[in-house]
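A.B. asks: Dropping the structure in here first, questions after.
The values are calculated or read from the model by the stated rules, or taken from the named source; none is laboratory data. From a predicted model like this one, the values you see are computed outputs, not experimental measurements. Every residue, glycine as well, gets a Cβ built from its backbone with ideal geometry; the counts of neighbours run over all protein chains shown.
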Amino acid sequence: MMVGRVDEHRLTGLLEGLADLLTETVDGGASVGFLAPLDRAEAVAWWRGRAAAVATGRLAVWVACEGERVTGTVSLALPDKPNSRHRAELVTLMVSRTARGRGLGRGLLTAAEEAAAAAGITLLHLDTETGSPAERLYRSAGWTRAGTIPDYAADPGGELRPTTLYFKQLGPPAAAG
């Protein structure tokens, strides 16, 4: 299984596979920002919109492929404000049902963490649905629970669910500027 960071051109070339993964993830009940059923055209359009953020350096995306099939992805949202360039938000970690249980989620997470550290980012943060399987992954990878917000986001079925915030320090805090 190949995991690699993609530029905007590669991301555009993978739109169909990424849209398939997103619709599968939402249909499977994962809370990644969409309500079910997710229209495939909407999923393609959402990913197409990410290409612009990749092109400007505001988003870094890693994709895992098994042959030609997209089996996983993770992204880092990079802030553009001078006082927050030491941190990034881990977003949209997804693994295909058929690829789960083989360490792909951990591999994607590690790829993003290592790239962040290499870029001088010293703090990562994320939010995830409280009680989701993703929480086990983050805790086992050394992420620290910061707290829970009730009724933060609707799950794919439309029910408001709590969200747990996590952070991970990658190195000593860097001075701003």
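A.B. asks: Which one is surrounded by the fewest Cβ atoms within 10 Å (Cβ to Cβ) among residues in the range 131-157 that are among the acidic types (D, E) and over 15 Å from the mean Cα position of the chain (by Cα)?
C.D. replies: Looking only at the range 131-157, we keep the residues that are among the acidic types (D, E), and these are 135, 151, 155.
Keeping just the survivors that are over 15 Å from the mean Cα position of the chain (by Cα) gives 151, 155.
Numbers: D151: 10, D155: 18.
Among those residues, the one meeting the criterion is D151.
A.B. asks: For the range 55-69, which positions are out of contact with any strand residue (DSSP E or B) (no Cβ under 6 Å at 6 or more places or on another chain) and either among the aliphatic types (A, V, I, L, M) or farther than 18 Å from T12 by Cβ (or both)? Walk me through it before giving the result.
C.D. replies: The initial filter retains those residues of the range 55-69 that are out of contact with any strand residue (DSSP E or B) (no Cβ under 6 Å at 6 or more places or on another chain), namely 55-58, 66-69.
Those that are out of contact with any strand residue (DSSP E or B) (no Cβ under 6 Å at 6 or more places or on another chain) and either among the aliphatic types (A, V, I, L, M) or farther than 18 Å from T12 by Cβ (or both): A55, E66, G67.
A.B. asks: Okay, moving on. Looking at S31, S75 in this structure, which one is free of Cβ contacts under 8 Å to residues at least 40 places away in the same chain, closer than 26 Å to E159 by Cβ, buried (at least 20 other Cβ atoms within 10 Å of the Cβ) and among the polar types (S, T, N, Q)?
C.D. replies: On the way: S31 fails: free of Cβ contacts under 8 Å to residues at least 40 places away in the same chain.
From the options S31, S75, the qualifying one is S75.
A.B. asks: State all residues of the range 35-51 that are out of contact with any helix residue (DSSP H, G or I) (no Cβ under 7 Å at 6 or more places or on another chain) and farther than 20 Å from P156 by Cα; if no residue qualifies, say none.
C.D. replies: Answer for the range 35-51, where residues must be out of contact with any helix residue (DSSP H, G or I) (no Cβ under 7 Å at 6 or more places or on another chain) and farther than 20 Å from P156 by Cα: just G49.
A.B. asks: On to the next question. If I ask for residues that are within 15 Å of T92 (Cβ to Cβ) and of a type in the set (A, V, I, L, M), which ones from the range 34-43 would you list?
C.D. replies: Passing the criteria: L38, A43.
A.B. asks: Of all residues in the range 51-64, how many are assigned to a helix (DSSP H, G or I) and either among the aromatic types (F, W, Y) or farther than 20 Å from L124 by Cα (or both)? Talk me through it step by step, then tell me what you get.
C.D. replies: The initial filter retains those residues of the range 51-64 that are assigned to a helix (DSSP H, G or I), namely 51-55.
Filter once more, keeping what is either among the aromatic types (F, W, Y) or farther than 20 Å from L124 by Cα (or both): 51-52, 55.
Count: 3.
A.B. asks: Only residues in the range 49-68 that are at positive phi and surrounded by 21 or more Cβ atoms within 10 Å (Cβ to Cβ) count as the first member; pair them with residues that are modelled with pLDDT of 95 or more and among the β-branched types (V, I, T), Cβ under 8 angstrom, at least 6 apart or cross-chain, and list the lot.
C.D. replies: Close Cβ pairs (under 8 Å, with a partner that is modelled with pLDDT of 95 or more and among the β-branched types (V, I, T)) do not exist here.
A.B. asks: Sticking with this one: Quick one: in the range 65-114, of everything that is in contact with a Ser or Thr (Cβ under 6 Å, 6 or more places away or on another chain) and assigned to a loop (DSSP other than H, G, I, E, B), which residue is farthest from F167 (Cα to Cα)?
C.D. replies: Filtering the range 65-114 for residues in contact with a Ser or Thr (Cβ under 6 Å, 6 or more places away or on another chain) gives 71, 75, 86, 91-92, 94, 96, 99.
Retained after the next criterion (residues that are assigned to a loop (DSSP other than H, G, I, E, B)): 86, 96.
Working: H86: 13, S96: 24 Å.
Going through the qualifying residues, I end up with S96.
A.B. asks: Give me the residue from the range 1-33 that is under 14 Å from the mean Cα position of the chain (by Cα) and assigned to a loop (DSSP other than H, G, I, E, B) and, out of that set, nearest to T92 (Cα to Cα).
C.D. replies: Ranking the qualifying residues of the range 1-33, first place goes to V32.
A.B. asks: Can you say whether A134 is touching a strand residue (DSSP E or B) at 6+ places or on another chain (Cβ under 6 Å), within 16 Å of L59 (Cα to Cα) and hydrophobic (A, V, I, L, M, F, W, C), as far as the supplied structure shows?
C.D. replies: Numbers: touching a strand residue (DSSP E or B) at 6+ places or on another chain (Cβ under 6 Å): yes; within 16 Å of L59 (Cα to Cα): no; hydrophobic (A, V, I, L, M, F, W, C): yes.
For A134, the condition - touching a strand residue (DSSP E or B) at 6+ places or on another chain (Cβ under 6 Å), within 16 Å of L59 (Cα to Cα) and hydrophobic (A, V, I, L, M, F, W, C) - is not met.
A.B. asks: Mind telling me which of the residues T110, T128 ends up being under 15 Å from S75 (Cβ atoms), hydroxyl-bearing (S, T, Y) and crowded, with 17+ Cβ neighbours inside 10 Å?
C.D. replies: Numbers: T110 fails: crowded, with 17+ Cβ neighbours inside 10 Å.
Selected residue: T128, the only one of T110, T128 that is under 15 Å from S75 (Cβ atoms), hydroxyl-bearing (S, T, Y) and crowded, with 17+ Cβ neighbours inside 10 Å.
A.B. asks: Residues to consider are L14, L18, L22, L93; find the one that is aliphatic (A, V, I, L, M) and within 24 Å of K168 (Cβ to Cβ).
C.D. replies: Working: L14 fails: within 24 Å of K168 (Cβ to Cβ); L18 fails: within 24 Å of K168 (Cβ to Cβ); L22 fails: within 24 Å of K168 (Cβ to Cβ).
Exactly one of L14, L18, L22, L93 is aliphatic (A, V, I, L, M) and within 24 Å of K168 (Cβ to Cβ), namely L93.
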